[in-house]
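Below is one structure; the comments refer to it alone.
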Amino acid sequence: MPEEPSKASAHDHKRLGRELDLFVFSDVVGAGLPLWTPRGTLVRNLLDDFVWELRQKRGYQKVGIPHITKKELYETSGHWDKFKDDLFRIKSREGNELALKPMNCPHHIQIFARRPHSYREMPQRYCETTMMYRDEQSGELNGLSRVRAITIDDAHTFCRESQVKEEFLKVWDIVQEFYGAFGFELTIRLSFHDPKQSEKYLGDKKKWKVAEDILRAIAEEKGAETSEGIGEAAFYGPKLDFMAKDSLGRDWQVATIQLDMNMPERFDLTCVNEKGEKERIVMIHAAIMGSIERFLSVILEHLEGKLPLWLSPIQVMVLAVSEKHLPHAENVARELNAAGIRTELHATDSLGKRIRVAKIQKVPYFLVIGDEEVSSKTATLEGRAGKVGTFLVEEIIFQLQKEVDSRAS
Ligand SMILES: [Zn+2]
């Protein structure tokens with residue numbers, strides 16, 4: 001188990017979440033149900049856009065599903081048996097039993113199953129960032145690390161067995177590109193089933209062996225150093241888990257790619273092959289961030305709240321030294337915002353107080369406007385590490401846009 005985030009240090013994500021004004025909990029909404037502020041929502045969307053950009057290039061399509069379902073869906077998938085104590089259950093007025101979804105796979109399967117698919121249309125790659133719900137015990141809840149409403153950047157690829165390797169390698173590339181942007185070093189864990197506890201898993205042993213051998217071969221082909229986690233598999237299939245080491249030396253399980261030969265069996269998923277016959281397909285489950293809540297808790301602590309420029313809700317704070325510098329400061333802020341750089345101008349309070357506030361909020365850049373800047377129509381740029389220099393506003397915009405576009409860490 002990863003070590004729990006520390007409670008009171010400068011790294012603590014709950015404290016950082018408050019200081020950066022990203023999320024809040026409300027007693028009347030309930031424990032484990034984070035509410036996302038405008039800034040927090042922006043950060044979540046920026047992360048999600050990044051994942052989508054990487055997926056879209058590789059042929060994924062977005063889908064959408066409701067957050068509840070009839071019990072029958074989970075009886076077929078096996079989730080009812082496996083998760084019945086963790087499910088939030090709902091009774092409809094007509095007496096039907098429904099549940100809030102604890103997973104998205106069975107819903108996505110119903111979309112795939114809406115019509116027959118020719119082998120020429122395979123793979124089908126669905127993705128969706130959506131919330132799911134688990135009735136975690138209140139004693140287990142902890143900031144964003146353990147919540148009851150979990151946002152997952154979920155994806156399901158429906159493919160032929162012969163396509164598994166290529167599809168896995170695609171997701172692997174996405175994972176490397178995404179985590180590379182945060183300076184994480186990744187290690188790989190092959191999460192396999194525990195043969196001594198076969199009652200915990202769906203399906204027959206032969207299928208598990210085939211699936212686990214495929215994962216081993218993929219990791220070998222990648223030349224990746226791996227460890228094996230016996231008993232860490234999902235109940236429907238083995239996983240390839242990516243572990244990230246953070247700046248405090250802690251290991252976190254982040255992205256996961258799972259090979260599933262059992263759900264397609266239970267839901268009778270097929271494609272029509274070259275011979276015109278029905279061929280059993282397989283499913284790949286993959287999340288890049290995993291839970292966005294947990295991912296955010298990890299990066300907030302890893303970066304001590306100093307989000308990279310592209311991900312910072314406020315990218316630039318404009319500070320006028322005194323009131324007479326305000327008109328030029330307002331022009332500068334307007335120009336930056338018009339260029340798509342999220343800029344705020346603080347005009348109240350003393351200069352010292354405004355700088356303190358911006359530092360607590362870990363704003364990446366300040367622009368200071370005083371006498372010299374007004375007369376030369378410039379601004380003085382200061383980063384987290386100190387003064388960068390005095391430049392024309394268009395030069396500053398060019399530099400900052402370059403930093404945003406490259407998603408520099
Ligand atoms: Zn899934």
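The values are calculated or read from the model by the stated rules, or taken from the named source; none is laboratory data. Because the structure is a prediction, the values reported are computed rather than measured. Positions of Cβ are generated from backbone atoms using ideal geometry, with glycine treated the same way; all protein chains shown enter the neighbour counts.
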### Task
Could you identify the single residue in K245, K275, K306 that is in contact with a strand residue (DSSP E or B) (Cβ under 8 Å, 6 or more places away or on another chain), basic (K, R) and away from the ligand (no atom under 16 Å from the Cβ)?
K245
### Query
How many residues are modelled with pLDDT of 90 or more and under 31 Å from the mean Cα position of the chain (by Cα) if we restrict to segment 358-383?
7
### Message
Suppose we filter segment 369-387 for residues that are of a type outside the set (K, R), touching a residue at least 12 places away in the same chain (Cβ under 8 Å) and within 18 Å of L309 (Cα to Cα); how many remain?
### Response
4
### Summary
Quick count over segment 224-242, residues being more than 15 Å from the ligand (Cβ to nearest atom) and touching a helix residue (DSSP H, G or I) at 6+ places or on another chain (Cβ under 6 Å), is 2
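From the list V210, V282, exactly one residue is aliphatic (A, V, I, L, M), surrounded by fewer than 23 Cβ atoms within 10 Å (Cβ to Cβ) and within 27 Å of Y119 (Cα to Cα). Which is it?
Details: V282 fails: surrounded by fewer than 23 Cβ atoms within 10 Å (Cβ to Cβ).
Every option except V210 fails the conditions.
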### Query
Of the residues Y126, Y74, which is free of Cβ contacts under 8 Å to residues at least 60 places away in the same chain and crowded, with 16+ Cβ neighbours inside 10 Å?
Y74
### Sole exception among (1) away from the ligand (no atom under 16 Å from the Cβ); (2) surrounded by 13 or more Cβ atoms within 10 Å (Cβ to Cβ); (3) over 18 Å from the mean Cα position of the chain (by Cα) for V147, by number
(3)
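Quick check on segment 300-316: of everything there that is of a type in the set (A, V, I, L, M, F, W, C) and assigned to a loop (DSSP other than H, G, I, E, B), which residue is nearest to F366 (Cα to Cα)?
Just the residues of segment 300-316 that are of a type in the set (A, V, I, L, M, F, W, C), to begin with: 300, 303, 307, 309-311, 314, 316.
Right, trim to assigned to a loop (DSSP other than H, G, I, E, B) and you get 303, 307, 314.
Numbers: L303: 19, L307: 15, I314: 10 Å.
It comes out as I314.
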### Query
Looking at T256, T343, which is the one that is touching a helix residue (DSSP H, G or I) at 6+ places or on another chain (Cβ under 7 Å), polar (S, T, N, Q) and closer than 30 Å to K14 by Cα?
T343
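Rundown of residues vs (1) touching a Phe, Trp or Tyr at 6+ places or on another chain (Cβ under 9 Å); (2) among the aromatic types (F, W, Y); (3) assigned by TED's automatic domain parsing to the domain that holds G237; (4) at pLDDT below 95, yes/no style:
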| site | (1), (2), (3), (4) |
| --- | --- |
| R160 | yes, no, yes, no |
| K165 | no, no, yes, yes |
| I174 | no, no, yes, no |
| Y179 | yes, yes, yes, yes |
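Name the single residue that is farthest from the ligand (Cβ to nearest atom) among those in segment 52-92 being part of a loop (DSSP other than H, G, I, E, B) and among the small types (G, A, S).
Taking segment 52-92 and keeping what is part of a loop (DSSP other than H, G, I, E, B), we get 57-60, 63-67, 78, 84-88, 92.
When the remaining residues are screened for being among the small types (G, A, S), the result is 59, 64, 78, 92.
Details: G59: 18, G64: 15, G78: 12, S92: 25 Å.
Out of the qualifying residues, it is S92.
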### Task
Consider I284 carefully, then state whether it is within 16 Å of the ligand (Cβ to nearest atom), within 13 Å of the chain's Cα centre (by Cα) and modelled with pLDDT of 95 or more.
no
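So that you can scan it fast, the table gives a plain yes or no per residue for (1) more than 32 Å from the chain's Cα centre (by Cα); (2) at pLDDT 95 or above; (3) hydroxyl-bearing (S, T, Y):
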| site | (1), (2), (3) |
| --- | --- |
| S312 | no, yes, yes |
| K324 | yes, no, no |
| L336 | no, yes, no |
| K353 | yes, no, no |
| E403 | no, yes, no |
